[in-house]
Every structure is written in structure tokens, then in C-alpha cells.
1. Which one of 66, 62 is closer than 18 Å to residue 79 by Cβ and out of contact with any Asp or Glu (no Cβ under 9 Å at 6 or more places or on another chain)?
2. Residue pairs, Cβ under 8 Å, 6 or more apart or interchain, first in region 142-163 and on the phi < 0 side of the Ramachandran plot and of a type in the set (A, V, I, L, M), second assigned to a loop (DSSP other than H, G, I, E, B) and near the ligand (Cβ under 8 Å from one of its atoms). List them.
3. Could you please tell me which pairs satisfy a Cβ distance under 6 Å, a separation of 6+ or placement on different chains, a first residue in region 14-41 that is more than 19 Å from residue 97 (Cα to Cα), and a second residue that is open to solvent by 20 Å² or more (accessible area, probe 1.4 Å) and of a type in the set (Lys, Arg)?
4. Failed condition for residue 54, given (1) without any contact (Cβ under 8 Å) to a residue 40 or more places away in the chain; (2) open to solvent by less than 50 Å² (accessible area, probe 1.4 Å); (3) closer than 21 Å to residue 160 by Cβ, with all others met?
5. Looking only at region 312-350, count every residue that is within 16 Å of residue 50 (Cβ to Cβ) and out of contact with any strand residue (DSSP E or B) (no Cβ under 7 Å at 6 or more places or on another chain) and tell me the total.
6. Restricting attention to region 171-196, and to residues there that are open to solvent by less than 10 Å² (accessible area, probe 1.4 Å), of a type outside the set (A, V, I, L, M) and more than 16 Å from the ligand (Cβ to nearest atom), which single residue is farthest from the chain's Cα centre (by Cα)?
7. Please give the number of the condition residue 205 fails out of (1) surrounded by fewer than 21 Cβ atoms within 10 Å (Cβ to Cβ); (2) away from the ligand (no atom under 11 Å from the Cβ); (3) modelled with pLDDT of 95 or more.
8. Which is more than 14 Å from residue 426 (Cα to Cα) and in contact (Cβ under 8 Å) with a residue 24 or more places away in the chain, of 379, 371?
Amino acid sequence: MKKVAFYTLGCKLNYSETSTISRMFEDKGYQKVNFEEEADIYIINTCSVTENADKKCKKIVKEAKKLSPDSYVTIIGCYAQLKPEEISTIPGVDAVLGAAEKFRLIELLDGFVKEKQPKILASEIKEATNFNNAYSIHDRTRTFLKVQDGCNYGCAFCTIPLARGKSRSDSIANILDAAREIAQTDVKEVVLTGVNIGDFGIQDGRRVEKFVDLIQALDEVEGINRFRISSIEPNLLTNEAIEFVAQSKRFVPHFHIPLQSGSNKILRSMGRRYLRELYVDRVTKIKTLMPHCCIGVDVIVGFPGETDEDFLDTYNFLNELDISYLHVFTYSERANTRAAEMEEVVPMKKRNERSKMLRILSEKKRRKFYTENLGNTYTVLFEEDIEDGQMHGFTENYIRVAAKYDPLLVNETKEVTLVQINEKGNVEVSEPELVYEKH
Ligand code: SF4
């Protein structure tokens with residue numbers, strides 16, 4: 001039995017795809033082993049957004065070759081689509097597959113026989129028009145379910161449309177089948193995943209379904225305790241979707257909404273499809289209907305042309321806004337993007353200083369959000385994540401909770417009252433009974 005091992009870089013979408021590809025191998029009789037083990041085949045799923053993607057890729061290939069010098073090493077993922085030739089020159093790489101080919105790799109690399117030259121099978125990105133469904137079985141607690149792929153937007157800083165192609169989605173019927181399949185496992189939480197999931201519903205180039213219809217349908221799937229919407233563009237987060245989540249049985253009160261900048265000047269130059277006023281409107285709508293809803297925000301600092309004044313604009317805007325945490329990205333130039341050609345480049349030192357300021361603001365926001373929720377009772381889904389004798393889990397509204405380790409609690413939901421914030425910034429809880437919400 002041939003052994004295959006996987007390594008994934010990047011986002012939830014990559015994790016869901018690696019997981020599905022690994023199940024394809026298992027179905028064909030391969031044995032899946034950990035990446036740290038000897039294997040016959042190594043598959044490395046790369047990301048183009050990761051800093052130093054090239055160096056990371058090289059390091060992982062080296063690692064694989066050290067474990068098994070005769071192994072067959074295949075590179076897939078966004079970086080493979082963007083730079084197939086470059087990757088093929090990395091010593092030890094046997095094959096590079098693009099976005100349109102990666103789900104057919106077992107068939108395309110028939111038998112994984114080594115050849116003198118690395119194989120490059122990467123069509124132009126316009127060929128990536130198929131939707132390949134995927135979900136991860138990464139741990140027992142949570143699954144990333146891919147519902148959409150690609151993006152038709154053209155934000156000036158982003159390489160994702162070049163790496164993943166046009167927006168396309170699975171059908172609601174297929175997604176419901178996948179959700180029912182997941183419901184047969186022990187997984188308790190499903191995170192909807194995609195590149196631009198608010199744009200859900202395009203099939204074969206035509207918009208045929210809507211995101212709100214998808215979440216309404218999923219809400220009826222028995223056997224899954226929670227659905228989480230991972231990240232959704234503010235201009236695509238409709239009132240209808242917010243109103244539905246507010247009264248839904250299974251969709252939790254947590255939104256992650258990319259803002260990227262609080263300066264309208266920078267938003268325009270980034271090519272984002274909204275102004276900051278719309279963002280305030282979305283946050284207000286959510287908080288009016290769900291006062292304890294968690295709202296996470298992506299923000300980029302140091303975009304070309306971002307003056308000290310523009311940055312302060314962003315800082316003050318976020319400081320005033322009723323949000324719960326930030327994901328801060330320091331802008332870095334990516335080849336083949338409009339932003340990489342822009343003038344008024346912000347010096348790296350400044351970018352790093354701004355990033356630090358926003359990270360501190362994020363901690364302040366998170367602490368405030370946690371403090372506001374102390375004394376409230378929520379349901380925690382405990383994970384297999386142990387540290388210093390404590391286990392952790394998240395509430396519906398994404399508060400990270402710490403409790404004394406109890407193996408019986410792993411992957412169980414428990415109703416708890418939030419008591420205090422500990423020195424690590426997690427919330428400690430009272431000790432009520434387990435709620436066995438079995439399927
Ligand atoms: S919406 Fe913009 S940032 Fe997001 S994937 Fe599409 S182009 Fe990239």
C-alpha cells in the first residue's frame with residue numbers, strides 16, 4: 001500500500017481542499033500518513049498570500065526529501081497556479097499542478113512514476129471553471145465546508161482571482177448533501193468557506209442561487225450544532241442575511257467582515273466596492289439585532305498612498321466602531337497586481353509601526369468585547385486543545401474560553417457562565433452540566 005502525506009499552507013479553503021484530495025487517495029487504496037513520516041508521495045498545497053511563499057515551499061520540499069529521498073513530491077495550490085515554472089525548478093519537485101488540474105492529480109500523475117524532468121500541468125486560470133466540492137475533516141470538532149470558489153472582484157492588492165479564477169459555486173442541493181454527510185460524523189461545527197462567499201450562487205457563469213437561500217436551507221440540517229459564516233464582504237452582507245442569522249437555529253452570531261481600510265480615499269484606490277459609511281451601516285444593523293454578536297475585521301496597513309493622516313483615519317474609525325477583534329495585514333507587494341505598480345510606496349518601517357498600533361487596538365477591542373459578555377451564559381464547544389492543564393473552546397459568539405481539562409468534554413458542548421478574563425486573555429467559566437446535544 002503506497003503512503004501519501006500532505007502539507008497545507010494558507011487559508012481554510014486550502015485545508016478543505018487538501019482534506020478532500022486526501023480522501024480521494026484513501027478511496028483509491030493509498031494510506032494517508034502524517035507529514036513527519038516517511039511516505040511515497042508528498043502533496044504540498046501552497047498559498048500565494050503567505051509571506052515568502054517561495055522560501056516556505058522550498059523548505060517543505062526539503063523536509064519531505066529528508067524524510068524519504070525517493071518520494072514523489074507534487075505541488076498544488078495558489079502559488080502553483082501563479083508560478084508553475086519557478087516551482088518546478090525547486091530541487092526535489094516532481095510535479096506542479098494548477099487550479100484546473102489539482103483535483104484530478106491521481107489520474108493525471110498516473111502511478112506517480114518519477115521522470116527526468118518535473119511535470120508541469122497548469123493551464124491558464126481561465127480554464128479553472130469547474131467547481132470542485134470539498135470539506136475538511138481536520139479535527140473532530142469543526143469542518144470547513146467549501147461552498148464557493150474564485151472571485152470576480154479585482155481588488156488592487158489581491159492575487160486570488162489570478163490563482164483561483166472566476167467566481168463559481170456549488171449548488172444548494174449538493175451542499176446540503178455534504179452537510180448531511182458531515183452530520184453523520186462527530187463534527188459539531190461547520191464553517192462555510194469560499195473566496196468570496198457573499199457572491200455565492202454563480203454556476204456556469206450565471207447567477208442561479210443566493211447566499212441567503214443557502215443559509216436558510218442549511219439551518220434545517222439536523223445533526224449539526226453550529227454553522228459559522230467565515231468571512232463575507234460588507235457590500236454582499238444583506239439585511240436579509242443578517243436578519244436570518246439573528247433568528248436562526250444553528251447559525252451563530254459571528255461575522256468576519258473585511259474592511260481593509262477606514263479611509264474612503266484608500267478604499268477607492270484599493271478598488272473595494274463600498275465606502276466606510278456602508279461598513280458602519282452593516283455593523284449597526286448587526287448590533288441592533290444581535291447586541292452580543294462578535295464582529296471580526298480584516299484590515300491592511302501600508303497600502304500605497306496611505307499617509308499618516310489616512311492611517312489615523314482608519315485607526316479612529318476602528319476605535320469608534322463596535323467591533324470585537326481585528327486581523328491586521330501588513331501590505332506587501334505581490335507581482336501582477338495593480339497595487340504593485342502604484343507610487344507613494346509606504347516605507348516598511350512605517351507599515352510595521354501601523355500594524356503594531358492596530359494589533360494593540362485589536363487586543364483592546366477583544367478585551368472590551370469579552371468584558372461586556374462576562375456574567376452571560378453561552379454554549380461552549382470544547383476542543384482538543386490543551387495547555388497547562390487547561391482546555392479551550394469557543395462560545396457561539398467566538399469568545400475563547402478556558403476550563404480545567406476533562407477528556408470527557410472534548411468535542412462536547414457545555415453551557416457555561418463567563419466569569420472572568422485570565423492573564424492569558426481567555427475567559428474562565430463556571431462549571432455547569434454538560435449539554436449532550438447529540439444528533
Ligand atoms: S474580494 Fe478582493 S480581496 Fe477578496 S478575493 Fe476578491 S479580489 Fe481578492
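1. Working: 66 fails: closer than 18 Å to residue 79 by Cβ.
Being closer than 18 Å to residue 79 by Cβ and out of contact with any Asp or Glu (no Cβ under 9 Å at 6 or more places or on another chain) holds for just one of 66, 62, which is 62.
2. 156/271; 160/151; 160/195
3. Correct list of pairs: 26/32; 30/2; 31/3; 33/3; 39/3.
4. Of everything listed in (1) without any contact (Cβ under 8 Å) to a residue 40 or more places away in the chain; (2) open to solvent by less than 50 Å² (accessible area, probe 1.4 Å); (3) closer than 21 Å to residue 160 by Cβ, residue 54 misses just condition (2).
5. Adding up the residues that qualify gives 5.
6. 188
7. For residue 205, the failing item is (3).
8. Values: 371 fails: more than 14 Å from residue 426 (Cα to Cα).
One residue alone meets the criteria, 379.
The values are calculated or read from the model by the stated rules, or taken from the named source; none is laboratory data. Computed from a predicted model, the values in this text were never measured in an experiment. Every residue, glycine as well, gets a Cβ built from its backbone with ideal geometry; the counts of neighbours run over all protein chains shown. Only protein heavy atoms, including side chains, enter the accessible area calculation; ligands, DNA and RNA are left aside. Shrake-Rupley method; radii C 1.70, N 1.55, O 1.52, S 1.80 Å.
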